[in-house]
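Just dropping this structure here.
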Amino acid sequence: MTSELEKGALSALVMSTIAFTVCFAAWVMNGVLVTYLVSTQVFNFSPTEMGLLVGMPILSGAILRLPMGLLTDRFGGRIIFTLSLFLAAAPMFCVGYVESFQGFLILSLGFGVCGATFAVGVAFISVWYPRERMGTALGIFGAGNAGAALTSVAGPRILNALTDNGADIEQWRVFPKLMAGLLIVTAIAFFLLTKSKKPEATLTFKQRLSPLGNIRVWRFGLYYFLVFGCFVALAQWMIPYYVNVYGFSLASAGMLAAVFSFPSGVIRAFGGWLSDKVGARRVMYWVLGAIFIGCALLTIPKMEIRAPGPGVMARKAGTVQGVEPEHVQLGDDRYQLKAKPDDLTRDESAIFPVFRVWQEPVVSQGDKVKPKQLLARGMTRIDFAANPWVMTFFAFIVGIAMGIGKAAVYKHIPDYFPDSVGVTGGMVGVMGGLGGFACPILFGYLLNNTGVWTTCWIFIGALALVCLIWMHRVIQKMLCEASPALAQQMDTVGAQARESDAP
């Protein structure tokens with residue numbers, strides 16, 4: 001690229017990344033704000049109403065990604081991104097005046113446009129960078145996901161500072177106004193510091209929508225449902241997870257949730273670079289495998305299991321002469337028992353399961369006992385504390401994999417659909433955004449029907465496995481179609497090997 005083009009590309013990338021970070025922080029604001037308002041009893045929203053308020057911006061942001069991508073392909077990213085920021089600021093500012101659930105819900109739908117700016121940024125950056133550098137550029141832009149962590153960490157502290165730790169609770173209304181002001185400042189800076197550039201290809205509306213008939217778009221959408229949708233859902237779900245499972249305060253839960261969300265956003269830039277270097281398909285193998293393994297390790301819940309253990313049976317008939325916690329006297333024989341531990345308190349810092357085994361007499365003095373009759377029942381108790389720091393580490397690994405995966409998915413789009421990056425990226429983004437809306441609802445359904453918090457990890461791990469199998473089968477099919485002679489040769493060699501092994 002010439003020096004002028006390089007300056008334009010750099011400014012587009014830097015300002016798009018900053019703007020998307022601000023937008024993402026505003027997009028997930030309800031996760032912190034609604035939780036705070038309910039916990040301080042400013043509003044008495046039911047759990048269902050809370051879920052709707054948290055999910056509505058995610059839903060509207062997801063739905064708007066496709067039309068916003070189309071508009072960006074048509075009019076260019078500079079004007080559409082700027083207008084999106086101004087458009088989102090108005091309902092965000094009005095949140096500071098709401099008095100009812102209905103008003104909160106409508107305004108939440110309005111500032112959901114913040115989430116649609118991702119499709120705008122992808123289309124805008126794609127016209128500035130060549131294909132061989134596209135993965136890195138889009139990865140850097142996608143690092144704006146870290147805005148979720150900024151809200152998780154800073155949001156509770158800002159609210160506490162504004163309200164003087166609850167002494168002047170009505171000052172919470174300043175918080176959304178500050179967010180609106182930040183959106184407006186970002187919009188002005190974005191317009192002044194970027195240059196206009198539209199896609200070179202002139203396509204009809206029908207041609208722009210044509211990629212939606214390609215199954216590949218929907219496969220990429222499923223990948224993005226996993227790596228982005230589940231990421232957005234977990235970024236909000238992790239706060240009540242830590243509060244309910246481990247008893248952390250809201251501020252501490254927000255900090256620990258940021259350990260999951262912040263690195264996942266930042267490392268997206270590395271995921272784009274890696275996809276450029278080794279290929280997006282190979283990266284997706286690693287990503288899907290890491291998510292599956294990480295979720296499998298996270299599925300074991302914090303629990304206490306009581307089960308029958310090794311008991312003590314009589315070797316011969318006789319009369320019970322005495323019963324003590326440590327032994328049973330049967331005739332002339334004494335049967336030693338494992339006494340019940342005095343302290344059965346769970347060690348919350350334990351990393352591995354703790355096994356406690358004891359035996360409890362089931363006979364009384366004077367009882368007539370037959371051979372092989374049970375004298376003492378075995379009891380086994382298994383305590384698994386699901387150490388919060390170990391859990392946080394594995395969640396961190398899953399978050400890192402999702403961050404890299406987000407960049408790898410979008411690396412595919414300009415390769416396969418170079419003239420329709422906006423609409424294709426928008427549709428894939430819609431799938432991801434719908435995941436961010438649907439997954440918290442699904443997580444809540446699984447929790448309510450099983451009573452187990454780790455069911456969210458079970459769902460994500462199963463989805464990762466489905467994506468991995470589908471991707472592998474598609475790649476195998478592509479390889480066979482690209483080199484049918486080699487595929488036939490491998491089948492022949494395999495058949496000969498089986499025949500040689502036959503008896």
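So, in the stretch 111-170, exactly how many residues are among the aromatic types (Phe, Trp, Tyr) and not in a loop (DSSP other than H, G, I, E, B)? Let's see the steps before the verdict.
Quick first cut of the stretch 111-170, residues among the aromatic types (Phe, Trp, Tyr) only: 111, 118, 124, 128-129, 141.
Cutting the leftovers down to not in a loop (DSSP other than H, G, I, E, B) gives us 111, 118, 124, 141.
Selection size over the stretch 111-170: 4.
Right, LEU37: within 30 Å of ALA9 (Cβ to Cβ), touching a residue at least 40 places away in the same chain (Cβ under 8 Å) and either crowded, with 16+ Cβ neighbours inside 10 Å or touching a Pro at 6+ places or on another chain (Cβ under 7 Å) (or both) or not? If you could, list the steps in order and put the result at the bottom.
On the way: within 30 Å of ALA9 (Cβ to Cβ): no; touching a residue at least 40 places away in the same chain (Cβ under 8 Å): yes; either crowded, with 16+ Cβ neighbours inside 10 Å or touching a Pro at 6+ places or on another chain (Cβ under 7 Å) (or both): yes.
It is false that LEU37 is within 30 Å of ALA9 (Cβ to Cβ), touching a residue at least 40 places away in the same chain (Cβ under 8 Å) and either crowded, with 16+ Cβ neighbours inside 10 Å or touching a Pro at 6+ places or on another chain (Cβ under 7 Å) (or both).
Just checking: which of the helices (runs of 4 or more DSSP H) contained wholly in the stretch 1-104 hold 1 or more residues that are over 26 Å from the mean Cα position of the chain (by Cα) and basic (Lys, Arg)?
3-27, 47-75, 77-94
Take LYS277 and tell me if it is at pLDDT below 80 and over 17 Å from the mean Cα position of the chain (by Cα). Spell out how you get there, then give the answer.
Working: at pLDDT below 80: no; over 17 Å from the mean Cα position of the chain (by Cα): yes.
So LYS277 fails the test.
While we're on this one: Looking at the stretch 259-282, can you tell me whether even one residue there is within 21 Å of ARG346 (Cβ to Cβ) and either charged (D, E, K, R) or touching a helix residue (DSSP H, G or I) at 6+ places or on another chain (Cβ under 6 Å) (or both)?
Taking the stretch 259-282 first, the residues within 21 Å of ARG346 (Cβ to Cβ) are none.
No, every residue in the stretch 259-282 fails to be within 21 Å of ARG346 (Cβ to Cβ) and either charged (D, E, K, R) or touching a helix residue (DSSP H, G or I) at 6+ places or on another chain (Cβ under 6 Å) (or both).
Is it the case that PRO47 is at pLDDT 80 or above and either assigned by TED's automatic domain parsing to the domain that holds ARG133 or surrounded by 21 or more Cβ atoms within 10 Å (Cβ to Cβ) (or both)? Spell out how you get there, then give the answer.
Values: at pLDDT 80 or above: no; either assigned by TED's automatic domain parsing to the domain that holds ARG133 or surrounded by 21 or more Cβ atoms within 10 Å (Cβ to Cβ) (or both): yes.
Answer is no for this residue.
Another question about this same structure. Looking at this structure, is GLU304 charged (D, E, K, R) and at pLDDT below 85?
On the way: charged (D, E, K, R): yes; at pLDDT below 85: yes.
Answer is yes for this residue.
Could you grab me the full set of residues in the stretch 404-432 that are small (Gly, Ala, Ser) and at pLDDT 80 or above? Show your work before the answer.
Narrowing the stretch 404-432 to residues small (Gly, Ala, Ser): 405, 407-408, 420, 422, 425-426, 429, 432.
Passing the criteria: GLY405, ALA407, ALA408, GLY432.
Right, here's the next one. Is there a residue in the stretch 310-325 that is touching a Phe, Trp or Tyr at 6+ places or on another chain (Cβ under 7 Å) and in a loop (DSSP other than H, G, I, E, B)? Lay out the reasoning, then the answer.
If we filter the stretch 310-325 for residues that are touching a Phe, Trp or Tyr at 6+ places or on another chain (Cβ under 7 Å), which is where we start, we get 312.
Keeping just the survivors that are in a loop (DSSP other than H, G, I, E, B) gives none.
Within the stretch 310-325, not a single residue is touching a Phe, Trp or Tyr at 6+ places or on another chain (Cβ under 7 Å) and in a loop (DSSP other than H, G, I, E, B).
Which of the following residues is among the hydroxyl-bearing types (Ser, Thr, Tyr), within 21 Å of PRO414 (Cβ to Cβ), surrounded by fewer than 24 Cβ atoms within 10 Å (Cβ to Cβ) and assigned by TED's automatic domain parsing to the domain that holds TRP27: THR72, THR136? Don't jump to the end; show me each part of the working.
Values: THR72 fails: surrounded by fewer than 24 Cβ atoms within 10 Å (Cβ to Cβ).
Just a single option satisfies the conditions, and that option is THR136.
Can you name every residue in the stretch 280-300 that is over 15 Å from THR454 (Cβ atoms), modelled with pLDDT under 90 and among the hydrophobic types (A, V, I, L, M, F, W, C)?
Scanning the stretch 280-300 gives a single hit, ALA280.
Related question: Can you list residue pairs whose Cβ atoms sit under 8 Å apart, with the first residue in the stretch 346-361 being exposed (fewer than 13 other Cβ atoms within 10 Å of the Cβ) and the second being of a type in the set (Ser, Thr, Tyr)? Count only pairs 6 or more apart in sequence or on different chains.
Pairs that qualify, where the first residue is exposed (fewer than 13 other Cβ atoms within 10 Å of the Cβ) and the partner is of a type in the set (Ser, Thr, Tyr), are PHE355/THR380.
Do you know which of the residues in the stretch 455-491 that are of a type outside the set (A, V, I, L, M, F, W, C) and modelled with pLDDT of 90 or more is nearest to LEU222 (Cα to Cα)? Break it down stepwise before answering.
So the first thing to find is which residues in the stretch 455-491 are of a type outside the set (A, V, I, L, M, F, W, C), and the list is 455, 461, 472-473, 476-477, 481, 483-484, 488-489, 491.
Imposing the further condition that a residue be modelled with pLDDT of 90 or more reduces the set to 455, 461.
On the way: THR455: 20, GLY461: 14 Å.
Here the residue is GLY461.
Next question, about the same structure. Is it the case, given these coordinates, that TRP358 is touching a strand residue (DSSP E or B) at 6+ places or on another chain (Cβ under 7 Å), of a type outside the set (D, E, K, R) and outside any loop (DSSP other than H, G, I, E, B)? Quick ask: steps written out before the conclusion?
Numbers: touching a strand residue (DSSP E or B) at 6+ places or on another chain (Cβ under 7 Å): yes; of a type outside the set (D, E, K, R): yes; outside any loop (DSSP other than H, G, I, E, B): yes.
Criteria met by TRP358.
How about the stretch 265-282: which of its residues are outside any helix (DSSP H, G or I) and surrounded by fewer than 18 Cβ atoms within 10 Å (Cβ to Cβ)?
Restricting attention to the stretch 265-282, the residues satisfying the condition of being outside any helix (DSSP H, G or I) are 267, 279.
Within the stretch 265-282, GLY279 is the sole residue that qualifies.
Conditions (1) over 30 Å from TYR416 (Cα atoms); (2) small (Gly, Ala, Ser), marked per residue:
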| residue | (1), (2) |
| --- | --- |
| TRP237 | yes, no |
| TYR242 | yes, no |
| SER264 | no, yes |
| LEU274 | no, no |
| VAL278 | no, no |
| TYR285 | no, no |
| GLY289 | no, yes |
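Turning to a different aspect of this structure: On the given criteria, is PHE248 part of a helix (DSSP H, G or I) and of a type in the set (Phe, Trp, Tyr)? It would help to see each step written out before you state the result.
Values: part of a helix (DSSP H, G or I): no; of a type in the set (Phe, Trp, Tyr): yes.
Judged against the criteria, PHE248 is not a match.
The values are calculated or read from the model by the stated rules, or taken from the named source; none is laboratory data. No experiment lies behind these values; they were computed from the predicted model shown. Note that each Cβ is placed from the backbone with ideal geometry, even for glycine, and that neighbours are counted across all protein chains shown.
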